[in-house]
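Enquirer: Below is a structure I'd like to ask you about.
The values are calculated or read from the model by the stated rules, or taken from the named source; none is laboratory data. Here the structure is a predicted model, which means the values were calculated and not measured. Neighbour counts run over all protein chains shown; Cβ positions are idealised from the backbone, glycine included.
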Amino acid sequence: METYEFYWLDPKGGYQIMGVLPERRKYSARVTQESIMQWGKTIFGKDFDPKDIFFIQVTMDEKTGRIFRPVPITITLKDV
């Protein structure tokens with residue numbers, strides 16, 4: 001199951017997880033980065049500045065509940 005972990009930038013430093021929302025839309029054409037962010041702002045954005053919110057897409061095993069996160073990549077200035 002595809003899910004989205006929402007985070008916010010803590011002014012005191014670091015990122016804090018706000019929550020996880022599962023993707024339940026049947027039509028993948030409706031799933032865009034903008035629609036996901038709007039959903040997160042609707043659910044979590046009441047107490048946070050929307051500019052400080054971001055998400056990452058993760059996969060959750062429905063049987064075990066284990067979350068598989070993408071491997072982080074680093075892009076250096078040389079690569080750009």
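Enquirer: Mind listing whichever residues of the range 3-15 are touching a strand residue (DSSP E or B) at 6+ places or on another chain (Cβ under 6 Å) and not hydrophobic (A, V, I, L, M, F, W, C)?
Expert: T3, Y4, E5, Y7, D10, Y15
Enquirer: Of everything in the range 27-42 that's within 24 Å of R66 (Cβ to Cβ) and not hydrophobic (A, V, I, L, M, F, W, C), which residue is modelled with the lowest pLDDT?
Expert: Here the residue is S28.
Enquirer: Take the conditions closer than 17 Å to M60 by Cα, basic (K, R) and out of contact with any Phe, Trp or Tyr (no Cβ under 7 Å at 6 or more places or on another chain) and apply them to R25. Does it pass?
Expert: Answer is yes for this residue.
Enquirer: Continuing with this model, one more query. Six or more apart or on different chains, Cβ atoms under 8 Å: show the pairs whose first residue is in the range 38-53 and within 11 Å of Y7 (Cα to Cα) and whose second is modelled with pLDDT under 75 and among the small types (G, A, S).
Expert: Hits for this filter: I53/G45.
Enquirer: Looking for whichever is more than 9 Å from the chain's Cα centre (by Cα) and part of a loop (DSSP other than H, G, I, E, B) here; the options are K12, K46. Which one fits?
Expert: Just one listed residue meets the conditions, K12.
Enquirer: Taking Q57 and the conditions (1) in contact with a strand residue (DSSP E or B) (Cβ under 7 Å, 6 or more places away or on another chain); (2) in a helix (DSSP H, G or I); (3) among the polar types (S, T, N, Q), which numbered condition does it fall short on, given that it satisfies the others?
Expert: Of everything listed in (1) in contact with a strand residue (DSSP E or B) (Cβ under 7 Å, 6 or more places away or on another chain); (2) in a helix (DSSP H, G or I); (3) among the polar types (S, T, N, Q), Q57 misses just condition (2).
Enquirer: Oh, and also: Name every residue in the range 28-43 that is in contact with a strand residue (DSSP E or B) (Cβ under 9 Å, 6 or more places away or on another chain) and not in a helix (DSSP H, G or I), in order of residue number.
Expert: Matches in the range 28-43: V31 only.
Enquirer: Tally time: how many residues in the range 15-27 are closer than 15 Å to T3 by Cβ and not in a loop (DSSP other than H, G, I, E, B)?
Expert: Total meeting the criteria: 6.
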